[in-house]
Amino acid sequence: MSNDRPSVPALLRAHAEQCDDCATQPLPLDGLARVLGTEQPIAAPPALSLRVLAAARPLLAVNAANAYRRRLIAGVALSIAPLPLLVFFNLYLLRAAYELLIEWLPVAFVAWVVIGYAAALLLICALVYASLPLLIARARARAVAPLESGAYA
């Protein structure tokens with residue numbers, strides 16, 4: 001890193017030479033430079049980040065819980081929103097298929113096909129919506145795991 005810029009004391013001296021207020025009340029730059037030159041920089045204690053994380057952990061947990069709640073509500077709402085459309089579309093499709101197939105096939109066979117399709121569709125929807133709590137619990141466990149393990153320390 002190159003040091004092409006003038007130092008702060010040099011800049012202050014240049015300003016003091018041009019400024020009337022600073023010329024009447026000179027700055028003790030030499031004394032300050034001497035004191036600051038003898039001081040050693042203060043290093044942060046090694047456990048500072050651990051103490052800060054321990055103090056912030058409850059607040060981080062509250063923020064994570066709030067973010068989780070918002071994501072949960074949004075996810076459930078988005079998963080339930082298309083359900084009525086799916087149900088009405090499939091009812092229309094089943095009714096149209098029944099009306100079309102009844103012309104060429106026996107009523108019992110058509111009813112068996114339509115009821116089988118409806119049962120399979122119901123089973124698929126039930127499995128998808130039953131898996132939501134499992135997926136939500138898995139996502140929550142992944143979101144909370146870094147906070148509990150101290151991965152941010």
Exercise. Assuming G31 fulfils every condition listed in (1) small (G, A, S); (2) surrounded by fewer than 13 Cβ atoms within 10 Å (Cβ to Cβ); (3) farther than 30 Å from A16 by Cβ apart from one, which condition is it?
Worked result: (3)
For this session: Check A126, A145, A137, A120 and return the single one that is hydrophobic (A, V, I, L, M, F, W, C), in a helix (DSSP H, G or I) and modelled with pLDDT of 90 or more.
Result: A120
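The values are calculated or read from the model by the stated rules, or taken from the named source; none is laboratory data. All figures in this text were calculated on a predicted structure; none of them were measured in a lab. Ideal geometry is used to build each Cβ from the backbone, glycine not excepted, and the neighbour counts take in all protein chains shown.
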